[in-house]
Each structure stands twice: as C-alpha cells, then as structure tokens.
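Presented below is the structure to which this report refers.
The values are calculated or read from the model by the stated rules, or taken from the named source; none is laboratory data. What you are looking at is a predicted structure, and each value in this text was computed from that prediction instead of being measured. Reconstructed Cβ throughout: ideal geometry from the backbone, glycine too, with neighbour counts over all protein chains shown.
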Amino acid sequence: MPINMKISGANTMNETMNETKNCLTTCPFTDKPCTECGVYRGRHRHIVLHSNSKKQNDHISDYFKAVNEYLDPWAGKGQGCEKPDIAFRVLNMENRKSRICEFEEAKSWDWGDPTIMRLIDGWHVKSYNNLVDILCYKEEKGHKEAELQECPRFMLLSGG
C-alpha cells in the first residue's frame with residue numbers, strides 16, 4: 001500500500017522507506033556493507049553497537065514519525081485549544097442511549113479505569129487531552145458534532 005505523505009523536515013514516506021532499504025551500514029563482524037552481509041542481510045539498522053551509527057539511523061526515525069502522523073493525524077492538534085467548539089454526543093453501548101455531553105463532565109471521568117473503553121470513529125480515546133486533540137482535529141476538518149462511544153471493555157473485545 002503506497003503511502004505518499006509529507007512530514008515536516010523529511011522526505012515522503014516512500015522515499016524514506018527506499019533510503020532505509022539502501023542503508024550502507026557496515027557489519028561489525030565481517031566489515032562488509034550491510035546489504036552484502038550473509039548473517040543479517042540488510043538488517044544492521046536495528047542494531048546500534050557504536051556511536052557513529054546515530055547518523056545512519058536518522059532516516060529510520062523519520063520513517064517512524066511519518067507512520068505516527070499517518071496513524072494519529074490529530075496528535076498535538078489540541079495544543080492551545082482549551083475547549084473545542086464542537087458538540088460531542090456520548091453513546092452508552094450497553095443501553096444504546098445517547099446524550100449530549102459537556103467538557104466539564106468529561107474532565108471528571110475516571111480516565112484510568114481499565115474496565116471502560118471510549119471510542120471516536122473507531123479510535124481509542126485514552127485521556128482527556130487525547131479527547132481534546134481528536135475533537136480539535138475533527139473541528140478543523142469541518143465536523144459540527146462527534147460521537148463518543150462508551151462501553152465496558154469486555155463488550156468491545158468480545159465483538160459485542
């Protein structure tokens with residue numbers, strides 16, 4: 001699946017992956033180039049044995065930043081956004097009742113309770129700050145309302 005996206009200060013994700021494939025680290029055991037080593041076959045980038053390997057691993061960290069931005073596009077969107085101007089509805093999955101929720105109420109929820117899961121569009125909401133990030137992102141995309149699904153963890157994980 002080709003993902004062609006730009007990240008700040010880096011190449012596209014495809015270019016970063018190509019750079020990762022062409023890593024020319026030398027094997028610490030045979031002193032051959034990484035791609036010619038029979039033991040590791042181009043996987044030396046996962047081994048950090050000496051200090052000058054930092055430069056060679058920079059493109060790998062760029063790749064993981066690109067993957068993070070793809071998976072969590074809202075990460076950091078809530079910075080400076082105290083209260084997004086978007087309504088959010090809470091749907092209780094046990095009794096299928098829906099209600100409009102205020103942000104003050106969301107602050108008081110027990111976010112550390114492992115028995116309750118909260119989801120917005122299939123994404124797990126782990127904390128109040130994560131909720132604000134997602135809602136700011138949805139507001140930026142033009143949504144007027146978001147639906148948060150709340151259910152006991154066993155219901156979601158058992159397919160119910």
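Assess whether I100 counts as being at pLDDT below 90, under 15 Å from E147 (Cβ atoms) and of a type outside the set (G, A, S). In short, no. Residues in region 118-160 that are over 15 Å from R96 (Cα atoms), hydrophobic (A, V, I, L, M, F, W, C) and part of a strand (DSSP E or B): I120, W123, A146.
Selection of region 100-120 for residues being of a type in the set (D, E, K, R) and out of contact with any strand residue (DSSP E or B) (no Cβ under 8 Å at 6 or more places or on another chain) yields E102, E104, E105, K107, D113.
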